[in-house]
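Bear in mind these aren't lab numbers, they're just calculated from the coordinates by the rules spelled out. Computed from a predicted model, the values in this text were never measured in an experiment. In this analysis, Cβ positions are derived from the backbone assuming ideal geometry, glycine residues included, and neighbour counts consider all displayed protein chains.
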Number of protein chains: 2
Amino acid sequence: MIGERKVICVDMDEVIADALGEHLSRYNRDFNASLTAEELKGQWLSDYVPVEQQATVIDYLHSEDFFAVLQVLPDAQRVLRRLQDRYEVYIATAAMQVPNSFSAKFKWLEKHFPFISPSRIVFCGDKSILRGDYLIDDNPRQLRLFRGEGILFTAPANLEVTGFRRVDNWLDVERMFLS
Amino acid sequence: MIGERKVICVDMDEVIADALGEHLSRYNRDFNASLTAEELKGQWLSDYVPVEQQATVIDYLHSEDFFAVLQVLPDAQRVLRRLQDRYEVYIATAAMQVPNSFSAKFKWLEKHFPFISPSRIVFCGDKSILRGDYLIDDNPRQLRLFRGEGILFTAPANLEVTGFRRVDNWLDVERMFLS
């Protein structure tokens, strides 16, 4: 349809929600450590920590309250609100990997992004099912599955990844889509 | 991509899960009635019943156990399994209207359709976001939003609807896609 607005799909974890920050905070509390995101360069926390700590770290994701307490990444609210004026914006998260996260993720979005309609929220597995022009995601596997243009949102685990336009933060998103 | 398999999206309620049957069963129990699907022709149960009963009927959907106990519609398992041999099959349900249904719907699919990977399950609001060739759904509003071909699955509330290819049951789906 001529003049139809473009569709932007936006991932949750590490893109609008600081899941890594909460992972680190729990890890540092449980193991009396002071690990930072910078030290992880290119690795998931569960791959970085000693093998005897891995089960604990993986369990963070499955705790009922994990998703409820995540911080919002800087400028995500303001820029997403602005994007809605010019694009059809959907939040698309691969929630099927952690089925007990559904309610917490939904409530988190209601709390921090009340201006996004529930009809624009998608819990999926494989992001190839999304009909969108752009997907902003930190996960290169999902970006490759997606059929529109994948935009890589920088996270410690993807610093070495190439082949996508990259944004480091929401100010970069704002420049890319709204300037 | 030449030779790529077509994508079929399949709705849950009234297409693979007998939500209406459970609605009627609860209604008949609570109001000592013997209402059947046939008597509803063209109306939702909540529109059909006297106004003083509407709140009760609408609340059925929000009860924690509603989705857990739904029956599977005849032939849905066998035909969906066969469809997977020739198509990319996704289950796509508008779960965002009833956020406390997420877990029950996921568990119901695990129980009755264990051969469908969690990566092929989508909880969405508006089905315009699905990138699929076909959507099999009983809701004409969702079929109009969808960008592929909408296939109307017969339910009492859609008997008068035209403008779509129609299937009355899973044997019809089998004939349409597998013969």
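Would you kindly calculate the mean projected area, averaged across all directions, of the convex hull enclosing the Cα atoms of chain A, in square nanometres? Could the numbers behind the result be given before it?
Values: hull surface 41.9 nm².
Result: 10.5 nm².
For segment B:19-68, what D do you get in µm² per second when you plug the Kirkwood radius from alpha-carbon pairs into Stokes-Einstein at 10 °C and 1.306 mPa s?
144 µm²/s
Tell me, which longest segment in chain B has none of the GluC sites (Glu not before Pro) that fall in DSSP loops with at most 10 further Cβ atoms within 10 Å? Mind showing how you got there, number by number?
Values: sites that count: B:GLU4, B:GLU64, B:GLU160.
Longest gap between qualifying sites, sites excluded: B:65-159.
For segment B:121-138, take each phi angle, set θ = phi - 60°, evaluate the Karplus expression 6.51 cos²θ - 1.76 cosθ + 1.60, and give the result in whole Hz per residue in order, putting x for glycine and proline.
Computed from phi, the couplings for segment B:121-138 are 10, 10, 9, 9, x, 8, 7, 5, 7, 7, 9, x, 7, 9, 10, 9, 8, 8 Hz.
Pop out the ³J(HN,Hα) list for segment B:57-73 in order, Karplus 6.51 cos²θ - 1.76 cosθ + 1.60 with θ = phi - 60°, rounded to Hz; leave Gly and Pro as x.
Along segment B:57-73, the couplings run 5, 5, 5, 3, 4, 8, 6, 4, 9, 4, 6, 5, 9, 5, 6, 7, 6 Hz.
Using the Kirkwood formula over every pair of different C-alpha atoms, what hydrodynamic radius in Å results for the protein assembly as shown? Please report the intermediate quantities before stating the final value.
Values: mean 1/r = 0.0453 Å⁻¹.
Computed over the protein assembly as shown, the radius equals 22.1 Å.
How big is the gap, in Å, between the Cα center of segment B:110-179 and the Cα center of segment A:4-49?
A separation of 37 Å, based on Cα centres.
Between A:ALA17 and residues 5 or more places away or on another chain, which pairs have amide H atoms under 5 Å apart, with H built 1.01 Å from N, and which residues are they?
Hits under the 5 Å cutoff: A:LEU73.
What's the local net charge at A:ASN28, with K and R +1, D and E -1, over the other residues with C-beta under 13 Å away? Don't jump to the answer; show the numbers that get you there.
Working: positive: A:ARG26, A:ARG29; negative: A:GLU22, A:ASP30, A:GLU39.
Within the 13 Å Cβ shell, the charges total -1.
Relative to the longest principal axis of the C-alpha atoms of chain B, give the angle of the C-alpha long axis of helix B:76-86, reported between 0 and 90° and rounded to the nearest 10°.
That helix lies at roughly 20 degrees to the long axis.
Rank the residues A:ARG131, B:ARG141 as a footprinting-exposure proxy: fewest other Cβ atoms within 10 Å of their Cβ go first.
Values: A:ARG131 19, B:ARG141 11.
Ascending Cβ contact count within 10 Å gives the list B:ARG141, A:ARG131.
May I ask you to sort A:TYR134, A:TYR60 by Cβ crowding, counting other Cβ atoms within 10 Å and putting the fewest first? Can you show the working numbers first?
On the way: A:TYR134 21, A:TYR60 17.
Least crowded to most crowded, the residues run A:TYR60, A:TYR134.
Out of residues 5 or more away from B:GLU149 or on other chains, whose amide H comes under 5 Å of its own, with H placed 1.01 Å from N in the peptide plane?
Amide H to amide H, under 5 Å and 5 or more residues apart or across chains, B:GLU149 pairs with B:TYR134, B:LEU135.
Kirkwood-based Rg over Rh for segment A:29-119 (C-alpha set), two decimals? Before the final figure, lay out the partial values.
Working: Rg = 16.1 Å, Rh = 15.6 Å.
Using Cα coordinates only, the ratio equals 1.03.
Please rank A:HIS23, B:HIS62, A:HIS112, fewest neighbouring Cβ atoms within 10 Å first, as an exposure proxy.
Listing A:HIS23, B:HIS62, A:HIS112 from fewest to most nearby Cβ atoms yields B:HIS62, A:HIS112, A:HIS23.
Summing Lys, Arg as +1 and Asp, Glu as -1, what charge do residues with Cβ under 12 Å from the Cβ of A:THR154 carry, A:THR154 excluded?
Surrounding charge for A:THR154 is -3.
Against the longest alpha carbon principal axis of chain A, how many degrees, from 0 to 90 and to the nearest 10, is the axis of helix A:102-112 turned?
70 degrees
Can you tell me the orientation of helix B:19-30 relative to chain B, as the angle in degrees between its alpha-carbon axis and the longest Cα principal axis, to the nearest 10?
10 degrees
Relative contact order of chain A: what whole-number percent is it, with Cα pairs under 8 angstrom and at least 6 residues apart? It would help to have the intermediate numbers written out before the result.
Numbers: 262 pairs, mean separation 51.3, N = 179.
RCO, chain A: 29 percent.
Volume per residue, Å³, of the convex hull around the alpha-carbon atoms of segment A:129-179?
On the way: hull volume 3.6 nm³, N = 51.
Measuring per residue, one finds 71 Å³ for the Cα hull of segment A:129-179.
Please compute, for peptide B:84-95, the average count of beta-carbon atoms on other protein chains lying within 10 Å of each residue's beta-carbon. Could you put the intermediate results ahead of the total?
Details: counts 0, 0, 0, 0, 3, 0, 5, 0, 3, 1, 2, 6.
Counting Cβ atoms of other protein chains within 10 Å of each residue's Cβ and averaging gives 2.
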